[in-house]
Amino acid sequence: MNSPSDYYDTLQAVFTSAAVRAGRIVRTYEVGGFSIQLSFAGPALVDRICPGVEHLRICDSGETADFKICLWDSLSTSTSMPPPPWQDRHLRAKGEIPGLSDERIFASFQMGSDALSLMDQENSTALFWVRDAERIPWYETGSPLRYLLHLFYQRKDWQYVHGAAVGYPEAGVLLTGKGGMGKSTTALTCLFSNLGYLGDDYVLLGPGDPPTVHSLYNSAKFTADSENFFPELMPRIANPRKKPGEKSVFFLYPGFKEKLVRSSPLKAILIPRIGPNAEPRLESVSPIEGLKALAPSTLAQLPKTSSTTLRRLGDVVRKVPTYVLHLSPKPRETPPLLESLLRNLI
Amino acid sequence: MALNQNFRINVPKVISETIDGETIIINLESGHYFSLNHSGGQIWNDIQTGHSTEQIFQLTQQRYPRDAAQVPSAVSGFLAALLSEALIGPCETFEISEKLSTPTAPADRPFEIPGLQKYEDMQDLLLLDPIHEVDEMGWPMTK
């Protein structure tokens, strides 16, 4: 097999060919002061990648973007892809491809989307390829390019995390823990309160004391069980003909753009717990409980994590208080409690 | 547990963080994570800082002099648990990082049997390579 850098250059040429054939579409976004330029070969992937990040769009910054990603699919661009330079057995957990990675290049194959991502860590550029844009699942459209954004921001000492965030531009809270505990539902109830919305599944933590939580995606995902809580949102879901078991996906931009908050100083970490509580309440717990909620689910979903990742998350829980958020069966009772907490922490 | 058998932490796949005396350990390969009680965290830190098994026994007895008799079996059991979870591994070429020249101060709390609690609830999230087909070019294709 050629070196990872050679393979990157080969695929860069494939992208160039696809862009010539299908036309180049450029969109630029900004998160936490870093500009991210997406160059698409043709329109097929635009509708699969952009809706979730459209609230972060800025004017095109030309060649000066901090991170440049080239994206294409083979089917719509009629561009053939060379065979994978690894044998099947080389795929590891989280799609890592050790034989195709070195100090400069990091390669991963994301099953589900069947997406190949190659990150050039020296030059802050990346390639993203799928065979067929139509095969990208809706949950990926809701939170696209997870691996690449994680890899880029990790090198800046920022941390991509699994969690929801709500609040105001002056103060926000991170809701974290494993799936099914009420993160998304709690975040969505904030649409019907004074609180703003930063994300329901993945957000970015920037450095500082307190750290800053940044919105990455304007999407919200909810299960069939949660649909009853939000009947007014059902006409707006993006995937009304979803497959059995698939979550409903809903984009807050542009319909609820006034509710979107770009970033907030992080004031607390909340661990939602569903229970037979008469009303929602907060229980202060030790920082290690916050780390136990935040770290395993974040690390399990991201490639190329290490002791540095855990140390970075440890630094976050040391700086802000952690609470268990005991939820009541009525989700819309939660936002007033969070508003009260934030008023006390500002 | 033989005193001449020393151990090291199975880095880089095993990572840990200690906050206010409480420790979380994560096995990045399996997705399993663990919490340690206070005395377990002390022993984990002793392993991390390159102490031999014999030194770990001594340190724990110095921290808990009233319960020194319990220490050997408790520490041995704890090391065996760490070993069986592949969080530590035997270290044949062991270099002792420092000599115990001054005794460690007694702990300000009673001795508790060093304990390890295991959590397996991240298995579903850990994106293990699912069974998949490949297309005509050899690219993986989710069923």
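The values are calculated or read from the model by the stated rules, or taken from the named source; none is laboratory data. Quick caveat: nothing in here was measured; it's all calculated off a predicted structure. Heads up, the Cβs are rebuilt from the backbone with ideal geometry, glycines too, and the neighbour counts pull from every protein chain shown.
Values computed for the structure shown
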quantity: Only listed residue being under 17 Å from the mean Cα position of the chain (by Cα) and of a type in the set (S, T, Y), chosen from A:S113, A:S101, A:S124; calculated: A:S113
quantity: Test result for A:G142, within 30 Å of A:F192 (Cβ to Cβ) and more than 14 Å from chain B (Cβ to nearest Cβ); calculated: yes
quantity: Considering residues of the range A:47-104 that are polar (S, T, N, Q), in contact with a Lys or Arg (Cβ under 7 Å, 6 or more places away or on another chain) and surrounded by 15 or more Cβ atoms within 10 Å (Cβ to Cβ) only, the residue nearest to the other protein chains (Cβ to nearest Cβ); calculated: A:S74
quantity: Residue among B:T53, B:T142 that is modelled with pLDDT under 95 and touching an Asp or Glu at 6+ places or on another chain (Cβ under 6 Å); calculated: B:T142
quantity: Output for the range A:315-346, where each listed residue is of a type in the set (G, A, S) and surrounded by fewer than 15 Cβ atoms within 10 Å (Cβ to Cβ); calculated: A:S340
quantity: Residue in the range A:280-293 that is of a type in the set (A, V, I, L, M, F, W, C) and touching a helix residue (DSSP H, G or I) at 6+ places or on another chain (Cβ under 7 Å) present; calculated: yes
quantity: Among (1) more than 10 Å from every other protein chain (Cβ to nearest Cβ); (2) under 14 Å from the mean Cα position of the chain (by Cα); (3) not β-branched (V, I, T), the one test that B:A2 misses; calculated: (2)
quantity: Selection within the range A:145-162 - away from chain B (no Cβ under 11 Å) and in a helix (DSSP H, G or I); calculated: A:L148, A:L149, A:H150, A:L151, A:F152, A:Y153, A:Q154, A:R155
quantity: Within the range A:303-314, tally of residues that are surrounded by 16 or more Cβ atoms within 10 Å (Cβ to Cβ), among the charged types (D, E, K, R) and assigned to a helix (DSSP H, G or I); calculated: 1
quantity: Which numbered condition A:T305 misses (of (1) of a type in the set (V, I, T); (2) over 20 Å from the mean Cα position of the chain (by Cα); (3) under 30 Å from A:S101 (Cβ atoms)); calculated: (2)
quantity: Enumerated strands (runs of 3 or more DSSP E) restricted to the range A:25-125, each holding at least 1 residues that are in contact with a strand residue (DSSP E or B) (Cβ under 7 Å, 6 or more places away or on another chain), among the acidic types (D, E) and farther than 22 Å from A:S215 by Cβ; calculated: A:67-73, A:115-120
quantity: Residue list for the range A:184-207, filter: closer than 22 Å to A:A224 by Cα and among the small types (G, A, S); calculated: A:S184, A:A187, A:G199
quantity: Residue match in the range B:77-87 (condition: within 14 Å of another protein chain (Cβ to nearest Cβ), at pLDDT 95 or above, closer than 30 Å to A:L299 by Cα and within 12 Å of the chain's Cα centre (by Cα)); calculated: yes
quantity: Residue count, the range A:182-209 (criterion: out of contact with any helix residue (DSSP H, G or I) (no Cβ under 7 Å at 6 or more places or on another chain) and assigned to a loop (DSSP other than H, G, I, E, B)); calculated: 3
quantity: Matching option when the condition is of a type outside the set (V, I, T), within 14 Å of chain B (Cβ to nearest Cβ) and farther than 26 Å from A:D157 by Cα, among A:S284, A:S340; calculated: A:S284
quantity: Some residue of the range B:112-126 being surrounded by 12 or more Cβ atoms within 10 Å (Cβ to Cβ), facing another protein chain (nearest Cβ under 7 Å), at pLDDT below 75 and at negative phi; calculated: yes
